[in-house]
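Enquirer: Please see the structure below; I have some questions.
All of the numbers you see were taken from the coordinates with simple rules; none came from a lab. Predicted model, so just to flag it, every value in this text is computed and none were measured. In this analysis, Cβ positions are derived from the backbone assuming ideal geometry, glycine residues included, and neighbour counts consider all displayed protein chains.
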């Protein structure tokens, strides 16, 4: 229930946000940026202009979100004063309180996404582990979970590469998740996900353990320059293997790109155009090379190859147990829930937020 202490706490949190978000500096930057857009030659370089406008819109979004929170607290305070004289407004007061609480938490967590690359779209790759049909089915379940999560966030989803399992499910899938801060939210999903359940493919109804790996990296946009030596790469063409049009398994439109210095391999079968698939594969390669540079700068890990974990016992980041009890637990943060169905339907925000909280606290303590 709302009281004066809660209102005071909200005001303190907003004051802290004002400092962390550097709202005054952002307002000055907005004015300066808007002045540049009025220059007669601003659109002479369309690519640079688009990048400038995108950065300007991001600044405006931060300021608007902050001002909406300030207005929300003012509205709650006024409503609370009316409630003290008329208790019939309790339901309306509680609704306003819940809305403010949700919006404030959202901007506080968004503020944690301040590392370079966090604001970019994401590429998410799911690969089935050892275990044949069981793991392929689990990989498809994870794909559904992330697609439903992205839909709830109003992110756009594009399937870049898809390989069916031999019997059911998928061997691997690569999804582009297009939306602001998509990578920042999903970066903690990197690792092995473990499932325990009664297998629907086992006539003896035995319990099975399955593994699938998830790899997330930021999608490099036009504002990021990555130089690639043509002699460092080779191309292969192949027939598309996923669901598609008449040319599936007839025309070699799918491509495989190898970057020899790093060992990175990119496969893309997004469209029926081999040229378009090559263009996208180059963007994905640049994105992975960009992530390598980010990790070097942030000293979070060395090369991508050094961070890859074997898909087996002991390397998982999250356990999904469906039998003999229901539980999803993140082994890094301790976050858990018994509502497995909700998680598999894309409600993974608590796990994403707990990871951001845990990494944010580590960074704060290291600064002390």
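Enquirer: With the contact rule set at Cα under 8 Å and sequence spacing of 6 or more, what percent relative contact order holds for the chain?
Expert: Relative contact order comes out at 15 percent.
Enquirer: Tell me whether region 1-71 comes out rounded, prolate or oblate; compute the Cα gyration tensor, take square roots of the eigenvalues as a ≥ b ≥ c, and use a/c under 1.5 as the rounded threshold.
Expert: Note, shape of region 1-71 comes out prolate.
Enquirer: Could you tell me the calculated FRET efficiency between residue 341 and residue 18, based on Cβ-Cβ distance and R0 = 41 angstrom, to the nearest 0.05?
Expert: So, using R0 = 41 Å, E works out to roughly 0.55.
Enquirer: Hey, rough spin-label estimate for residue 152 and residue 103, points 7 angstrom out along Cα→Cβ, what's it come to in nanometres?
Expert: 2.1
Enquirer: Which order do the peptides 336-347, 112-123, 44-55 take when ranked by the mean count of other beta-carbon atoms within 10 Å per residue, highest first? Spell out each step's value before the answer.
Expert: On the way: 336-347: 15.2, 112-123: 19.7, 44-55: 12.9.
Highest mean packing first, the order is 112-123, 336-347, 44-55.
Enquirer: Where in region 68-87 does the label zone of residue 3 land, with the point 7 angstrom along Cα→C-beta and an amide N cut-off under 19 Å?
Expert: 76-87
Enquirer: May I ask for the angle, rounded to the nearest 10°, between helix 274-298 and the longest principal axis of the chain, with both axes built from Cα atoms and the value confined to 0 to 90°?
Expert: The answer is roughly 60 degrees.
Enquirer: Quote the convex hull volume per residue of region 104-158, based on C-alpha atoms, as a whole number of Å³. Working shown, then result.
Expert: Values: hull volume 6.3 nm³, N = 55.
Hull volume over Cα atoms, normalised by residue count, gives 115 Å³.
Enquirer: Tell me the angle of helix 90-112 to the major Cα principal axis of the chain, expressed in degrees between 0 and 90 and rounded to the nearest ten.
Expert: Once rounded, one gets 50 degrees.
Enquirer: Pop the C-beta distance of residue 329 and residue 36 into the FRET formula with R0 = 45 Å and round what comes out to the nearest 0.05.
Expert: Once rounded, the FRET efficiency stands at 0.35.
Enquirer: For region 133-275, what relative contact order do you get, as a whole percent, if you take Cα pairs closer than 8 Å and at least 6 residues apart?
Expert: 19 percent.
Enquirer: Also, I was wondering about something else. Quick one: helix 46-85 against the long Cα principal axis of the chain, what's the angle to the nearest 10°, folded into 0 to 90?
Expert: The two axes meet at around 50 degrees.
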